[in-house]
Structures are given as structure tokens and as C-alpha cells.
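The values are calculated or read from the model by the stated rules, or taken from the named source; none is laboratory data. Quick caveat: nothing in here was measured; it's all calculated off a predicted structure. Note that we place each Cβ from the backbone using ideal geometry, even for glycine, and neighbour counts take in every protein chain shown. SASA here: full protein model, heavy atoms, side chains in, ligands and nucleic acids out. Shrake-Rupley method; radii C 1.70, N 1.55, O 1.52, S 1.80 Å.
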Amino acid sequence: MSSLEIRPAIASDLPSVTDIYADAVRFGTATFELVPPDLAEMTRRFQALMDGGFPYFVAVLEGRVAGYAYAGPYRPRPAYRFAVENSVYLQPAIHRRGIGQQLLQRLISECEACGFRQMIAVIGDSANAGSIGVHTKCGFQMIGTHPSVGFKFGRWLDTVTMQRALGDGASTVPAGG
Ligand SMILES: CC(C)(COP(=O)(O)OP(=O)(O)OC[C@H]1O[C@@H](n2cnc3c(N)ncnc32)[C@H](O)[C@@H]1OP(=O)(O)O)[C@@H](O)C(=O)NCCC(=O)NCCS
């Protein structure tokens, strides 16, 4: 039986996170980055999220970091402050074992506890069935497609936007609102 733990990320997880993301940048279309960020840049991004009070989780499978998920600001202007954008990435070898769903569910719960009200996924590539599938399973609704806004690996790529209300969503005024 393999052991899976989902826990908050710490700085020593970042070399593994950097490797997982580098593979997605080099070989995948979920992200529109073209050059993998190095450990220093991934550390800077992690620290910015920690400083902003955003959640960041890792999935530890048999003692090794095999995936991660985090939320960050949806857009910088202050009226967007109750909306977050999420990211979730796993090592390719462990796809379709329910781990992405568990990571995303944990991220959703933590974002609700933090008082955020909407979560937005901007999914690279409308052919990304895994990402669309896991977001659908976690309660996201399809908002729409931006056709051909990216160009990677010699072809045009769409983005797909999905969204999920968190907690009370828009049914109440938020604390501090
Ligand atoms: C997207 C990703 C995180 C999904 O994680 P995962 O662990 O593979 O997905 P899960 O096993 O938790 O799948 C949960 C559900 O999502 C759906 N799903 C997952 N992969 C799917 C696929 N390839 N095709 C169709 N549906 C899929 C299914 O409904 C699945 O439930 P089921 O297996 O009971 O049918 C993972 O595939 C990944 O890291 N992909 C590359 C990076 C990426 O696209 N990240 C998202 C950026 S927005």
C-alpha cells in the first residue's frame, strides 16, 4: 500500500516542486511558460505567496514530493482580493490515481477557511482533459475558452477558464469587505 500525505509546503520541498514544474514547462501545454524557472525563482514565487497569506500544499508519496498545489491572487487590483487562481501539478507517473483531486480539495478547503470566495482555474490547452476533469470533479464550472491565445511547440493553444465558489460565495458580504 503506498502512503500519501498532503501537507503545507516548506522551503525544502522546493527542489522537487521545481523539477515537477520544469517537466510540465518542457513537455506539457498546461503552462504557457517556455523556459523552466530555476530553484531561486521558484523560491521567490513561493515566498511571495507565503508573504501574501496564500496556501501551498505538497503531496508526499512514499516519502517523496510528487505533486503540489497552490493558490495565489487572481488579479492584483484590490477589488479582486477575495478571488484566487489555483495551480496543481503532479509528476506524470502518478496521474489518474486520485492525488490531483485530493490536493485540489485540500486547497479549496484551506482557501475557504482563509475567507476567499471564488477560485479560478486558467487551464492551458483546451485538450487538457486531466485538468478539466479534475476541476469538474472538484465542483468547478466551465466559464469559457479563449481560443488560440498561446503558441507553444509550434501550434496555437487555447486557455480554458473554470470557476468555483468558495464558502458562501457571493451570497453574503465578506468580513472586512
Ligand atoms: C491535472 C492533474 C493535476 C490531475 O491530477 P490527477 O491525479 O491525474 O487526477 P485524478 O486522478 O485526481 O482525477 C480526478 C478526476 O478527474 C478526472 N480526470 C483526471 N484525469 C483525466 C483525464 N486524463 N481524462 C479525463 N478525465 C480525467 C476524472 O473524473 C477523475 O476521476 P476518476 O479517475 O474517478 O474518473 C494532473 O493530471 C497533472 O498534473 N497534469 C499536468 C499538469 C496540469 O495540467 N495541471 C493543471 C494546470 S491548471
Subject >> Cβ pairs under 6 Å, 6+ apart, first in segment 112-129 and under 15 Å from Gln163 (Cβ atoms), second part of a loop (DSSP other than H, G, I, E, B) and open to solvent by 70 Å² or more (accessible area, probe 1.4 Å) >> reply: Ile120/Tyr74
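Residues are listed down the side, and each one gets a yes or a no for (1) more than 24 Å from Gly167 (Cβ to Cβ); (2) touching a residue at least 40 places away in the same chain (Cβ under 8 Å):
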residue: Glu33; (1), (2): yes, no
residue: Ala40; (1), (2): yes, no
residue: Thr43; (1), (2): yes, no
residue: Phe46; (1), (2): yes, no
residue: Tyr56; (1), (2): no, yes
residue: Val65; (1), (2): yes, yes
residue: Arg75; (1), (2): no, no
residue: Ser87; (1), (2): no, no
residue: Pro92; (1), (2): yes, yes
**OP:** For segment 47-62, name all the residues that are over 15 Å from Pro8 (Cβ atoms) and either open to solvent by less than 70 Å² (accessible area, probe 1.4 Å) or in contact with a Cys (Cβ under 8 Å, 6 or more places away or on another chain) (or both).
**Re:** Ala48, Leu61
Subject >> Any helices (runs of 4 or more DSSP H) falling wholly within segment 28-141 and containing at least 3 residues that are within 14 Å of the ligand (Cβ to nearest atom), within 29 Å of Gly176 (Cβ to Cβ) and among the β-branched types (Val, Ile, Thr) >> reply: none
Original post:
Mind checking which residues of segment 142-177 are aromatic (Phe, Trp, Tyr) and in a strand (DSSP E or B)?
Top reply: Phe151, Trp156
